[in-house]
Amino acid sequence: MDRVAVFLHYIVRRIVLMVVQTILKDAHRQRLREEGGSWLRKKREDAGLTQKQLSEILDLKIYTFISQVELGRGRIPFERYAEWARALKIDEYEFAAKVLSFYEPAIFDIVISGRDQGTTNAL
């Protein structure tokens, strides 16, 4: 093979590898969201609320948003974690930590896991 062919072969291999890695990351991210949705559904049911009742408590205009979150097709905006925690009768810190573990596992590992293990330093 000449140099151009070798270079093109290398580029194609790199692109294929990047595409496969992206697909695997997306599948993992989706699986985590679905697990998070199942956890949220259980917490809503434990609180004795229907999706419609929870959406009314949270003042959501579209109650199907609850369904989308529980199916892993949507996510709770971080600025509303405290509202959701109160509506589901869950400690706000515990709720935020659990939701972060599903939505942002890398941040969870740095911020929450480190804190729980006593490895953080004061700023």
Is it the case that region 42-62 has a residue that's more than 26 Å from H28 (Cα to Cα), among the hydrophobic types (A, V, I, L, M, F, W, C) and free of Cβ contacts under 8 Å to residues at least 12 places away in the same chain? yes
Residue under evaluation G36, criteria (1) among the small types (G, A, S); (2) more than 14 Å from the chain's Cα centre (by Cα); (3) in a helix (DSSP H, G or I), criterion not met: (2)
Go through region 58-95 residue by residue and tally those that are assigned to a helix (DSSP H, G or I) and surrounded by fewer than 15 Cβ atoms within 10 Å (Cβ to Cβ). 10
Within region 16-33, residues being modelled with pLDDT of 80 or more and more than 10 Å from the chain's Cα centre (by Cα) number 2
Starting from region 79-98, take each residue that is free of Cβ contacts under 8 Å to residues at least 24 places away in the same chain and under 14 Å from D46 (Cα atoms) and list its partners that are surrounded by fewer than 20 Cβ atoms within 10 Å (Cβ to Cβ) and of a type in the set (D, E, K, R), counting only C-beta distances under 6 angstrom and pairs at least six apart or across chains. A85/E92
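The values are calculated or read from the model by the stated rules, or taken from the named source; none is laboratory data. Computed from a predicted structure; not experimentally measured. Backbone-built Cβ (ideal geometry, glycine too); neighbour counts: all protein chains shown.
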